[in-house]
Each structure stands twice: as structure tokens, then as C-alpha cells.
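The values are calculated or read from the model by the stated rules, or taken from the named source; none is laboratory data. Keep in mind it's a predicted model, so treat the numbers as computed, not measured. Backbone-built Cβ (ideal geometry, glycine too); neighbour counts: all protein chains shown. In case anyone asks, the SASA skips ligands and DNA or RNA and just uses the protein heavy atoms, side chains included. Shrake-Rupley method; radii C 1.70, N 1.55, O 1.52, S 1.80 Å.
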Amino acid sequence: MSSTTPNDFHVRLGRTDLQATRICLGTMTFGEQVDEATAYTIMDRAVERGVTFFDTAEMYPVPPSAARYTLTESIIGRWLAARPGLRERLVLATKVAGPARGYDWIRNASGDLTGQDIIDACEASLRRLQTDVIDLYQIHWPARNVPSFGALYFDPQRDQPVTPIHQQLEALGQLVQAGKVRAIGLSNETPWGVHEFVRLAEQHGLPRVATVQNPYALVNRSVDNALDETLYREQVSLLAYSPLGFGLLTGKYDAKGLDDDSRPGRLAMFETMKKQRWGRPDALAAARLYNQLARDHGYTPTQLALAFCYRSHRVASTIIGVTSVAQLDEDIDAWSVPLSAEVLAEVDRIRWLHRDPAQ
């Protein structure tokens with residue numbers, strides 16, 4: 001999955017030639033919590049600090065809305081256009097949204113993701129990003145019925161006819177063949193889904209998925225329940241998103257909970273976020289234990305949470321989302337934080353008692 005040591009700051013993605021930084025700048029706050037000028041400052045600082053792997057999506061910013069749909073990509077595109085020559089230094093990733101999930105402004109609320117949808121969405125992303133090629137193009141969530149975004153159980157009765165994986169791969173292959181995409185990836189995927197994408201690619205001579213972008217954090221290590229083996233054996237790289245558990249693992253909510261207006265963050269600002277997996281009372285309870293563990297050993301909660309992901313053999317690159325340069329610097333600085341065997345054992349002990357409450 002990766003051939004790096006903890007001191008290496010670059011990693012090969014899957015079996016591709018793409019060399020990405022082990023920290024990736026996530027951008028889903030740009031256009032909602034972060035205005036355009038601040039987004040430019042954050043991206044400039046990331047590059048200055050050596051982070052040259054950026055991830056976005058057509059549906060960003062989050063929380064999703066019809067008014068701001070695709071805004072984040074446009075912000076990045078304008079930033080790139082104002083900095084000639086910078087694009088060649090970056091690994092730029094974006095994602096095509098899956099079926100609508102109630103977002104009726106995405107492909108007229110289609111319950112499917114066809115091959116033509118993928119091609120059309122990619123063309124639109126290229127225009128917004130003002131680039132000729134996307135380094136890593138990902139399917140944001142599966143078209144088929146799967147438990148995701150907080151759902152725990154697979155229910156076969158919810159199956160509906162959707163575009164087969166093979167046809168989606170053929171569309172992605174067309175984009176790669178045309179030179180519009182360098183590598184492909186998945187997001188919010190299951191072990192079966194990853195294996196099926198790899199199997200069909202190898203069977204039909206189509207592009208092989210390089211990455212899977214799934215949540216991975218102290219309060220959600222569901223990757224460790226089988227997906228980790230799949231990724232390792234199939235040589236697919238994990239891009240870990242929400243390593244700070246939507247702010248739970250920064251300690252900002254420890255004292256007063258998610259209604260603490262004095263500590264701005266997505267879980268406090270948006271009611272829709274409180275209703276999701278990160279807003280569960282059990283997730284906050286577990287986060288408080290991890291945060292106290294950090295303090296007991298001389299770390300900040302943020303340092304423990306990020307160092308855990310940065311040092312995991314499972315993770316190729318950790319996606320950090322920030323709203324200020326100060327947060328960005330804090331997150332990057334955590335790269336140099338070591339974790340002792342004692343602390344890691346305590347992390348596993350807490351997980352045993354509070355198993356993945358934000359899954």
C-alpha cells in the first residue's frame with residue numbers, strides 16, 4: 001500500500017506513478033466557513049510548508065447546498081489561474097458525486113451514476129479547476145446500495161438497478177485514455193467494492209483504482225475491520241478523511257458539548273452536522289477519553305489524533321481540513337510528533353471499550 005517510513009513525506013499512490021505528500025489539504029470548508037481570500041492564503045501557506053496534495057469535490061463546500069454547489073472547485077481554479085506554473089507542482093484530486101442522497105440539485109436528483117454522468121462531471125470539474133488534467137479522479141460514494149455515512153448494516157431489500165461497476169470503469173478508462181485523468185480512486189467504499197473494482201479492471205484491461213478515501217480517526221476505525229487487509233493485498237492506498245472527527249478530537253467540545261457557541265466548528269454551527277455520525281453522544285464520549293489521554297501524556301488532542309493517522313501503516317495520506325492558517329500550521333506541525341508504544345496501547349484499550357462510535 002505504501003513503501004514509506006514515518007520520516008518520508010511523499011508516497012506513491014497505489015501502483016501509479018503519482019507521488020503525493022503524506023498530508024493532503026482538504027478543501028470542503030472553502031466557500032462556506034472559509035471565504036475566497038482566506039482560502040487563497042491557506043493554499044499558499046500549504047504549498048510553502050511542502051503540502052502539494054489537494055483534494056476537493058464537485059459537491060463542495062460542506063454542508064452541501066444548491067447555492068454553493070461546485071463553488072470550492074471554482075475557488076481553487078481561480079487560485080491556480082492567478083499562479084502560473086504552480087499547477088505542475090501539485091497533485092490535484094477531485095470527486096464526482098454519487099447518487100443524489102436528497103441533493104436534488106445534483107443531476108436532477110438521479111438515483112444512479114452512469115458512465116456518461118462521470119464523463120460530463122469530469123469535463124465540468126476540469127473547467128472549474130482551470131486545468132487540463134485531474135491527477136486523481138474519484139467516485140465520491142457508490143451508486144449501489146451500501147451502508148455508508150453512518151449506516152451500519154447492509155440491507156439487500158434496498159437494492160435498486162444502477163449502472164454496473166464495469167460501465168463506470170469504462171467511462172473512467174475513457175477519461176484516462178483521453179489524458180484528462182491520470183489515476184482513479186474511490187471514496188466511502190466497502191471491501192467488496194474495492195475488490196470488485198480491482199477485479200474488473202484487471203479482467204478487462206481498464207484503469208486500476210489507486211486510492212480509497214474513507215474516514216479514519218480515533219472515533220472511527222472501521223477501516224481496520226477488513227478494508228485494511230483488502231487495501232494492503234490489492235495495493236490500493238488509503239486517503240484518511242476526517243482524522244479529527246469533525247472537531248471532536250481537537251478537544252473544543254470537551255467542556256460544554258456540541259452546543260458550545262464559543263468554540264466555532266461545523267458540529268456547533270450546523271444542525272445537519274449534529275444529526276450525523278460525528279454528532280452522536282457516544283462519539284463525543286469516546287473523543288473525551290482520547291483527548292484526556294493526549295493531555296495526560298503531554299500532547300494536545302489534535303497532536304494525538306493526527307499523529308495516530310500520520311504514523312499508521314494503513315494510511316498513505318491524511319486529509320486535513322482547516323479554516324485558518326493557524327489550524328493548518330498546527331496540523332502540519334503534528335507530523336513530527338512521535339507516539340510511544342504505551343500511548344498506542346492506551347488508544348487500543350479505549351477503542352476496545354468504545355468501538356468506532358462515529359462509524
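Sorted by average packing, counted as other Cβ atoms within 10 angstrom per residue and highest first, what order do 346-355, 154-163 take? Could the numbers behind the result be given before it?
Values: 346-355: 14.4, 154-163: 10.9.
Packing proxy ranking, top to bottom: 346-355, 154-163.
Between Asn145 and Ala81, what length in nm is gained on full extension when 0.36 nm per residue of separation is reduced by their alpha carbon distance?
So the chain would gain 19.1 nm between Asn145 and Ala81.
Take the alpha-carbon centre of region 290-359, take the same for region 58-102, and report the distance between them in whole Å.
Comparing the Cα centres of region 290-359 and region 58-102, I get a distance of 27 Å.
Helix-only estimate, please: 222 nm mean residue ellipticity of the chain, summing -39500 (n - 2.57) across DSSP H runs of length 4 or more and dividing by its residues, to the nearest 500. Working shown, then result.
On the way: 12 runs with 131 residues, N = 359.
Computed mean residue ellipticity for the chain: -11000 deg cm²/dmol.
With every protein chain present, what is the per residue accessible area of region 283-353 (1.4 Å probe, Å²)?
Value for region 283-353: 41 Å² per residue.
Straight-line reach only, C-alpha to C-alpha below 17 angstrom: list the lysines that Lys274 could link to, leaving out same-chain residues fewer than 8 apart.
Lys252, Lys256
Among Gly265, Gly98, Gly14, which one shows the biggest mean-square fluctuation in a GNM of the chain, springs joining Cα atoms closer than 10 Å?
Taking springs between Cα atoms under 10 Å, the residue moving most is Gly265.
Roughly how many percent of the accessible protein surface of region 165-210 is carbon and sulfur, given a 1.4 Å probe and a whole-percent answer? The partial results should precede the final answer.
Details: 900 of 1910 Å².
C and S fraction of accessible area: 47 percent.
When a/c is below 1.5 the answer is rounded, else prolate if a/b is larger than b/c, else oblate, so apply that to region 186-301 with a ≥ b ≥ c taken from the square roots of the Cα gyration tensor eigenvalues.
prolate
Mind checking the log10 I(q)/I(0) for region 288-336 at q = 0.13, 0.16, 0.21, 0.23 Å⁻¹? Debye, one equal scatterer per Cα, no solvent, two decimals.
Scattering profile of region 288-336, log10 relative to I(0): -0.30, -0.46, -0.76, -0.88.
Compute the normalised compactness of region 244-359: alpha-carbon radius of gyration over 2.2 N^0.38 Å, N being the residue count.
That works out to 1.02 for region 244-359.
Ranking request for peptides 33-45, 175-187: highest mean number of other beta-carbon atoms within 10 Å first, then the rest in descending order.
175-187, 33-45
With all protein chains present, how much of the accessible area of region 225-292 (probe radius 1.4 Å) comes from carbon and sulfur, to the nearest whole percent?
On the way: 1500 of 3060 Å².
The computed percentage sits at 49.
With a 1.4 Å probe and every protein chain left in place, work out the accessible area per residue of region 117-247 in Å², rounded to a whole number.
Counting only protein heavy atoms, the per-residue value for region 117-247 is 40 Å².
May I ask you to order 124-131, 295-302 by the average number of other C-beta atoms within 10 Å around their residues, highest value first?
Numbers: 124-131: 18.8, 295-302: 16.1.
Ranked by mean Cβ neighbours within 10 Å, highest first: 124-131, 295-302.
Which Rg and Dmax, in Å, describe the Cα atoms of region 43-122?
So, for region 43-122, Rg and Dmax equal 14.5, 41 Å respectively.
If you build the Cα gyration tensor of region 1-153 and take the root of 5 times each eigenvalue, what three semi-axes come out, in whole angstrom, biggest first?
26, 20, 15
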